[in-house]
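The values are calculated or read from the model by the stated rules, or taken from the named source; none is laboratory data. Model, not experiment: these values are computed from the prediction. For neighbour counting, all protein chains shown are included, and Cβ atoms are generated from backbone atoms with ideal geometry for every residue, glycine included. All accessible areas refer to the heavy atoms of the entire protein, side chains included, with ligands and DNA or RNA removed. Shrake-Rupley method; radii C 1.70, N 1.55, O 1.52, S 1.80 Å.
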Amino acid sequence: MLKKLVLLGFVFCVSTQMLMAKKQSEQTINHVEIATILFYDGKYDKALESLQKAKESHMDIDWVKYYSMKGIIALKEERYKEAISELHKAVEATKKKVYKAPTIENEKKEVLFSLFSKEKKKKKSQKPLFEPEKIRRAKLDELHIYLSQAYYRDGQYIRAAKALDAAGERGRESASLFTFRAECYWKAKQKESAINALNKGSKLFPKDITLLKQKFYYFAELKLYQASIVAAKNYMKRVPASAQEYISLSQMLVSGGELGEAIKILEEAKMVFPMSAKVHILLGHYYKQKDMPHTTAYLFEQASYYEGKYLKEASEMYRRTGELSHALYLNSMMQDTEEKTKQKVAIFVSRGEFEKVIGLKDALHRYGLLSNDNMRYALAYAYYVVKDYENAEQHLKKIQDNALFSKATVIRKNIEKCKTNPLECM
C-alpha cells in the first residue's frame, strides 16, 4: 500500500512538472512576433495562422500588432471591407494600450565595466526621454494612412480623405499625399475641395511639380481654360514637358476658342520634338482651320517621314491644293494597296486623266472597291468622258447612293442624247 502511494505521488509530481514545463514552453513562444516575421517574408497565410494561434493562447498578446497585421494583410489581398474593420480595431487597441518604458538590460554590465575602468566618468549618460503619447500618436497616424488606402480602394472617397486628415502630420508629410487627397475629393464630386487640397499642397511643397500638373488637368476638365493655361505654363517652365503634354495643352486651348495660342504652343513643341509625327499632324489640322492648306500639306508630309500612316493625309492635302504631281509621288509610297488605289483614282480624276482611271478597273475589282458607289461612279464617269457609253451605263445602273444616283441619271440622259445625235457630244 505504501509503495502504491509513493508511486502515485511520484507520477503526480512528474505530471505536474510536465504541465508546468509545457505551459512555460507555450509562454516562451511569441506567436505575434513569429507572425511579424512571416508577414515581412510575404507569407501572409502562415502569418494569419500564427496570429490565430496567438489569439487562442489566452495570453496577454500585443493586440495593436495583432489587429494591425490582420488589417494590412487584408488590404494587400484586396479584402478592403475586412481591412477597414481590422484597422479600426487596431486604432481602438492603440488608444487603450499602456506603453511602458523599455528596460535597459546592459545597465549592470556598464556599472561593472566602470569599476575596472581607470577613467572616471564625469557625468552619467542621460537616459533617452520616454514619451508614450508621442509613440501612441505615431502609431495612430500610421494606421490612419492605411485606413485611407483601404477606404479609397473600397470606393469610400470622403472617408479616405478624412482618414488622411486624421493622420495628422503623417497625412501631410509629402506632396503625393495631397494629390491623393485631391483625387479622393475629385472622385467624390467635390471639385472645389479637390482644388483646395492641391493649393494647400502647393504652399507646403512649392517645388513639387505633380501638384501643378494635377491642377492643370482638373481645370481643363472643369473647362476653366484660362486657369488651366496658367497652371500648365507654370508646370512647363519648371520641368521639360513631353510632346503629349504640349498636345494636351493645345487641345485644351482650342476647346476654349484659343486657336492662335494653340498654334504657338505646337510651334514650340515642333522645335522641341522635331520628330514627333503627332505634333506635326495636329499643327497641320490647326492651320487647316485657319484656311492655310499649303502649310497643312507641308506639315502632313513632315509627319509622314516619321510615321508612314500619314502619307495618305499628306497626299490628299497636296491633291486639294492642286499640287497633283507631288500628291501622286506621295501616293506611290503608300503601303496600303486599297487606300492607295482609291486615292490614285481621285488624283487621276483631278488631273483629267480618265484613261488612267479606266486602267485601274482591274485593281478596283480585285480589292472589292466597286462596292463603294463613289469608286463605281468615278469609273463610270471616266468611261463616259472617253465615250465608252456601254461600259458607262453598265456601272451607272448599279449605283445605289441617292445623291450619286441623281448624278448618274443626268449622265445617262446625256448618253441617250449622244447616241441619238452624236454631233451634240463632239
**Prompt:** Condition test on Lys417, is it outside any helix (DSSP H, G or I), surrounded by fewer than 19 Cβ atoms within 10 Å (Cβ to Cβ) and either over 48 Å from the mean Cα position of the chain (by Cα) or in contact (Cβ under 8 Å) with a residue 60 or more places away in the chain (or both)?
**Reply:** no
Taking the stated definitions as given, is Ala269 among the hydrophobic types (A, V, I, L, M, F, W, C), more than 22 Å from Ala241 (Cα to Cα) and part of a helix (DSSP H, G or I)? no
Those residues of the stretch 317-330 which are on the phi < 0 side of the Ramachandran plot and either open to solvent by 40 Å² or more (accessible area, probe 1.4 Å) or touching a Leu at 6+ places or on another chain (Cβ under 8 Å) (or both) amount to Tyr318, Arg319, Arg320, Glu323, Ser325, His326, Leu328, Tyr329, Leu330
Are any of the residues in the stretch 293-302 out of contact with any Ser or Thr (no Cβ under 8 Å at 6 or more places or on another chain), open to solvent by less than 60 Å² (accessible area, probe 1.4 Å), assigned to a helix (DSSP H, G or I) and of a type in the set (A, V, I, L, M, F, W, C)? yes
Residue hits (the stretch 127-161; charged (D, E, K, R), over 15 Å from Gly171 (Cα atoms) and under 37 Å from the mean Cα position of the chain (by Cα)) are Arg136, Arg153, Asp154
With the first residue restricted to the stretch 243-256 and required to be without any contact (Cβ under 8 Å) to a residue 40 or more places away in the chain and in a helix (DSSP H, G or I), and the second required to be surrounded by fewer than 17 Cβ atoms within 10 Å (Cβ to Cβ) and among the β-branched types (Val, Ile, Thr), Cβ contacts under 8 Å at 6 or more apart or on different chains are Ala243/Val272; Tyr246/Val272
By residue number, the members of the stretch 185-240 that are within 19 Å of Glu173 (Cβ to Cβ), open to solvent by less than 50 Å² (accessible area, probe 1.4 Å) and among the charged types (D, E, K, R) are Asp208
Sole miss for Arg181 among (1) modelled with pLDDT of 95 or more; (2) open to solvent by 50 Å² or more (accessible area, probe 1.4 Å); (3) out of contact with any Phe, Trp or Tyr (no Cβ under 6 Å at 6 or more places or on another chain) is condition (2)
Residue hits (the stretch 375-406; aliphatic (A, V, I, L, M), under 18 Å from Arg351 (Cα atoms) and open to solvent by less than 50 Å² (accessible area, probe 1.4 Å)) are Met375, Ala378, Leu379, Ala380, Ala382
Restricting the stretch 112-165 to residues that are modelled with pLDDT of 95 or more and of a type in the set (S, T, N, Q), the one farthest from Phe178 (Cα to Cα) turns out to be Gln156
